[in-house]
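Chemist: Here's a structure for you.
Quick note: the coordinates plus some simple rules give every number you see, no bench work behind them. Predicted model only: the values in this text are computed from it and were never measured. A quick note on method: Cβ atoms are made from the backbone with ideal geometry, for glycine too, and the neighbour counts reach across all protein chains shown.
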Amino acid sequence: MGISAWCFQRRRPGELSPLAQSAVEAFMSKGGHLPADPEGFVRYAEVIVSLEDRRAVEVLRIGFYQYRARKNGTLDRRHFDEILQTVPEAAFGGLQPIAPAPGVIPAEHRFAKRRLEHLSQWTPTDEERRRLADLVNRRAGRELL
């Protein structure tokens with residue numbers, strides 16, 4: 001039993017194509033290049049699957065991620081740093097060392113979480129979800145989605 005990550009890039013609305021995990025890793029951390037969509041983002045779906053005997057048997061999670069790219073197709077580090085700066089507040093902002101004033105509801109972490117989602121995730125259309133299901137099922141050789 002194992003786990004694998006399958007990636008599919010959205011280069012234009014409605015268009016998804018397989019993307020090597022190594023290409024995503026190179027883009028994120030090694031100065032690799034990926035083509036951006038017309039809005040200047042590299043958008044991709046990451047599908048985490050459970051494997052048995054090296055065959056996909058179940059989809060564990062699906063994420064839809066976006067990162068701004070520069071004109072040469074490399075990661076826009078300024079935008080990426082903005083995402084990284086939002087993570088701690090989104091994850092731990094609700095843990096306050098002191099109690100808030102009476103009548104105050106601490107919600108900063110909820111706003112930070114929403115900002116993080118807006119910065120780093122995209123929402124696929126129904127057509128894109130169908131296309132992703134077709135690609136995943138084809139790669140798995142069975143219906144998973």
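Chemist: Could you check which residue among ALA26, ALA91, ALA112 shows the biggest mean-square fluctuation in a GNM of the chain with a 10 Å Cα cutoff?
Modeler: The residue with the greatest mean-square fluctuation here is ALA91.
Chemist: Right, another one. Kindly state, to the nearest 0.05, the FRET efficiency for LEU84 paired with ARG130, given R0 = 35 Å and r defined as their beta-carbon distance.
Modeler: For R0 = 35 Å, the calculated efficiency reads 0.60.
Chemist: State the dimensionless ratio Rg/Rh of segment 2-140 (Rg: radius of gyration of Cα atoms; Rh: Kirkwood radius). Don't jump to the answer; show the numbers that get you there.
Modeler: Details: Rg = 17.8 Å, Rh = 16.8 Å.
Result for segment 2-140 is an Rg/Rh of 1.06.
Chemist: What are the GluC sites (Glu not before Pro) within segment 10-97 that DSSP puts in a loop, where the Cβ has at most 16 other Cβ atoms within 10 Å? It would help to have the intermediate numbers written out before the result.
Modeler: Numbers: sites: GLU15, GLU25, GLU39, GLU46, GLU52, GLU58, GLU82, GLU89; in loops: GLU39.
For GluC sites (Glu not before Pro) across segment 10-97 that sit outside H, G, I, E and B with at most 16 neighbouring Cβ atoms in 10 Å, the list reads GLU39.
Chemist: Using a simple spin-label model with points 7 Å from Cα along the Cα→Cβ vector, what separation in nm is obtained for GLU143 and ARG54?
Modeler: 2.7
Chemist: Full-extension gain between GLU39 and ALA23, please, as 0.36 nm times their residue separation minus the C-alpha to C-alpha distance. Mind showing how you got there, number by number?
Modeler: Values: separation 16, 0.36 × 16 = 5.76 nm, distance 2.02 nm.
Full extension of this stretch gives 3.7 nm more.
Chemist: Once fully extended, how much extra length lies between LYS71 and ALA5, figured as 0.36 nm per residue of separation less the alpha-carbon to alpha-carbon distance?
Modeler: Values: separation 66, 0.36 × 66 = 23.76 nm, distance 2.72 nm.
Extra length available between LYS71 and ALA5 comes to 21.0 nm.
Chemist: What is the distance, in nm, between label points placed 7 Å from the Cα along the Cα-to-Cβ direction at HIS118 and at ILE98?
Modeler: Distance between the two pseudo-spin positions: 2.9 nm.
Chemist: Let me ask another. Would you mind telling me which residue in ALA45, ALA36, ALA20 has the biggest mean-square fluctuation in a Gaussian network model of the chain, where springs connect alpha carbons within a distance under 10 angstrom?
Modeler: Highest fluctuation of the listed residues: ALA20.
Chemist: Run the dipole for segment 2-140 about the Cα centre, Lys and Arg Cβ at +1, Asp and Glu Cβ at -1, nothing else charged, and hand back the magnitude in debye, nearest 20. Please report the intermediate quantities before stating the final value.
Modeler: Values: 22 positive and 18 negative charges, 62 e Å.
Computed charge dipole of segment 2-140: roughly 300 debye.
Chemist: Return the single residue from VAL104, VAL49, VAL24 with maximal mean-square fluctuation; model: Gaussian network over the chain, springs between Cα atoms under 10 Å.
Modeler: VAL104
Chemist: How about segment 75-145: which trypsin sites (Lys or Arg not before Pro) there lie in a loop by DSSP and see at most 15 other Cβ atoms within 10 Å?
Modeler: Within segment 75-145, the qualifying trypsin sites (Lys or Arg not before Pro) (loop, at most 15 other Cβ atoms within 10 Å) are ARG142.
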